[in-house]
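Bear in mind that the values in this text are calculations on the coordinates, not laboratory data. The shown structure was predicted, so the numbers you read here are calculated from the model rather than taken from an experiment. Reconstructed Cβ throughout: ideal geometry from the backbone, glycine too, with neighbour counts over all protein chains shown.
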Amino acid sequence: MKLLLRWAALAVSFWVATALIPGIDVKGGFTTYLWVALLFGLLNATLGSLLKILTLPAVILTLGLFLIVVNAAILMLVARWSDKLDVTNFWSAVLAALIISVVTRLVSGVTKKTLPL
């Protein structure tokens, strides 16, 4: 159940990012957001973990802000592998990664407090 809620929170955060950032576009409806969120989550869990370990010195030096760059790189990789997501440039990806991180954290925090899992 937790995994499904986190997946839905990630899909909602992609929707918010596409609504706020002009350089990010998801072609399709609700199921497309779920597909992009699934692909992003899988890449972030596998390749993202490896990148976070490899860039640990930069993460420490920037007090964790470099993780936004790692998430932006994963987001651009998802855009390259999926024809449903368009990212125009790196800075759009950075802003979208920031928004996705914040919204996912907020939605997960709200669901954690309201649902006893």
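Restricting to Cα pairs below 8 Å that are 6+ residues apart, what does the relative contact order work out to for the chain? Please round to a whole percent.
Working: 120 pairs, mean separation 47.2, N = 117.
Once divided by the residue count of the chain, the mean separation gives 40 percent.
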For the chain, with a Gaussian network of springs between Cα atoms less than 10 Å apart, report the residue from Ser49, Ser101, Ser92 with the top mean-square fluctuation. Ser49
Per DSSP H run of n ≥ 4, the term is -39500 (n - 2.57); total these for the chain, divide by its residue number, and report the mean residue ellipticity at 222 nm rounded to 500 deg cm²/dmol. -26500 deg cm²/dmol
Once Rh for region 1-70 is found with the Kirkwood sum over Cα pairs, what is the Stokes-Einstein diffusion coefficient at 20 °C and 1.002 mPa s, in µm²/s? 160
Debye-sum result for region 62-117 in log10 I(q)/I(0), which assumes one identical scatterer on each alpha carbon, at q = 0.13, 0.14, 0.18 Å⁻¹: -0.41, -0.47, -0.67
Extending each Cα 7 Å along its Cβ direction at Val102 and Asp25, get the distance between those two points in nm, one decimal. 2.4
Inter-label distance for Leu50 and Thr111, nm, one decimal - labels placed 7 Å from Cα along Cα-to-Cβ: 2.8
In the calculated pair distance distribution of the chain, what percentage of Cα-Cα distances lie above 23 Å? 27
If you build a Gaussian network model of the chain, linking Cα atoms that sit under 10 Å apart, which residue out of Lys52, Lys27, Lys84 swings the most? Lys27
